[in-house]
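The values are calculated or read from the model by the stated rules, or taken from the named source; none is laboratory data. As the structure is a prediction and not an experimental result, all values here were calculated from the model. Please note: Cβ atoms are built from the backbone with ideal geometry, for glycine as well, and neighbour counts cover all protein chains shown.
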Amino acid sequence: MLILISDAFDASLPGKLSKYGDVTDDKGRQAEANVVLIRSKTKVTKEYIDAAPNLKLVIRGGVGLDNVDLVYAKEKGVMVFNTAEASTVAVAELAFSLMIAITNHTVAAHTSMAEGKWIKKELKRTELMGKTLGILGIGRIGTALAMRADAFRMRVLAYDPAVFFSDFADVRPTLEEVIRESDYISLHMPLLDSTKGLINKDMLKLFKDGAYLVNTGRGKTVVEEDVVEALKSGKLAGYATDVWYSDPPENSPLIGAPKTLFAPHIGASTKENMLRIGEIVESLIRENQDALK
Ligand code: NAD
């Protein structure tokens, strides 16, 4: 059996998997591969699957499966799994850290000091305590964020078409209701036809003046041009994002826009998460060994 590690995983993974077969990171061996391990970079399209006639199993280290043609994989008998639970804490902690950093001007404070400037009077911080956080998509990550916000004494609202109750958030029946009441909106829904471009200029009109938007879900759930307009007009006080239309972003209007805070899609990239992902990948290969013969 040949296992192709196509994207970045923990360095311990090849050693862990070597008992199940040959392990390679040589993408030139795609045609021979029985198992392909991906994160977000490799796109398992129809063409990719057609070019891998021995492929039986794709494992996505992470949550979103929007880079896999699930319908075609099924048609071709290729099993597809993700490691959905592994990344929850890593992403929730990043979402929270973006929320803290953007309201405390952490980056401006540091860069101004590093440049020899003293801008104490200009840096006006605000507190999270007592503010309302609206979570769109209260699944695993949204819930983990809600728990952290609760510890910071925030009021937490949520909207999710599949969730009607949460121990950690006041779940509201409509998206609009959550958006209208929130000082912070954090996005945690998957990229679907129904969520693509959901945060657009019409939706942004419903935001509170001076609200903050945090996105560690998927870049394409917002319309970047409309977010930039809202930042310029002051409708949004800030946009913090880890996720983009493409990795890395190409010609994004956000680059250079005011009141932004960026990360290069590192939501899942903690040491602990990489180890957890490795454990789940190994168990998926072990459990499916018979089907891979
Ligand atoms: P999850 O499936 O547990 O939760 C997603 C929730 O979104 C579900 O409860 C679903 O019902 C809800 N949802 C669907 N459509 C919605 C809509 N229109 N409005 C509001 N909610 C909607 O998934 P999760 O583990 O919490 O991950 C959430 C997303 O985070 C993933 O789909 C992925 O896109 C993203 N993610 C990003 C990173 C990163 O590196 N930044 C890492 C992991 C996951």
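Based on what the data block shows, is Ser87 in contact (Cβ under 8 Å) with a residue 12 or more places away in the chain, of a type in the set (Ser, Thr, Tyr) and out of contact with any strand residue (DSSP E or B) (no Cβ under 8 Å at 6 or more places or on another chain)? So Ser87 fits the description; yes. List every residue pair whose Cβ atoms sit under 8 Å apart, with the two residues 6 or more apart in sequence or on different chains, where the first one lies in the stretch 61-75 and is in a loop (DSSP other than H, G, I, E, B) and the second, anywhere, is surrounded by fewer than 16 Cβ atoms within 10 Å (Cβ to Cβ) and β-branched (Val, Ile, Thr). Hits for this filter: Asp69/Thr45.
One line per residue, one yes/no per condition, for (1) in contact (Cβ under 8 Å) with a residue 24 or more places away in the chain; (2) more than 14 Å from the ligand (Cβ to nearest atom):
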{"position": "Leu204", "(1), (2)": "yes, yes"}
{"position": "Asn215", "(1), (2)": "yes, no"}
{"position": "Val222", "(1), (2)": "yes, no"}
{"position": "Gly238", "(1), (2)": "yes, yes"}
{"position": "Pro253", "(1), (2)": "yes, yes"}
{"position": "Gly256", "(1), (2)": "no, yes"}
{"position": "Leu275", "(1), (2)": "yes, yes"}
{"position": "Gly278", "(1), (2)": "yes, yes"}
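Among the residues of the stretch 118-134, are any part of a helix (DSSP H, G or I), touching a residue at least 12 places away in the same chain (Cβ under 8 Å), of a type outside the set (Ser, Thr, Tyr) and in contact with a strand residue (DSSP E or B) (Cβ under 7 Å, 6 or more places away or on another chain)? Among the residues of the stretch 118-134, not one is part of a helix (DSSP H, G or I), touching a residue at least 12 places away in the same chain (Cβ under 8 Å), of a type outside the set (Ser, Thr, Tyr) and in contact with a strand residue (DSSP E or B) (Cβ under 7 Å, 6 or more places away or on another chain), which makes the answer no. Can you confirm whether the stretch 166-173 contains a residue that is away from the ligand (no atom under 15 Å from the Cβ), farther than 27 Å from Leu254 by Cα and crowded, with 20+ Cβ neighbours inside 10 Å? No, the stretch 166-173 contains no residue that is away from the ligand (no atom under 15 Å from the Cβ), farther than 27 Å from Leu254 by Cα and crowded, with 20+ Cβ neighbours inside 10 Å.
Given the residues Leu133, Leu187, Leu157, which is the only one that is buried (at least 22 other Cβ atoms within 10 Å of the Cβ) and either outside the structural domain of Tyr245 (by TED's automatic domain parsing) or more than 13 Å from the ligand (Cβ to nearest atom) (or both)? Within the list Leu133, Leu187, Leu157, the selection yields Leu133.
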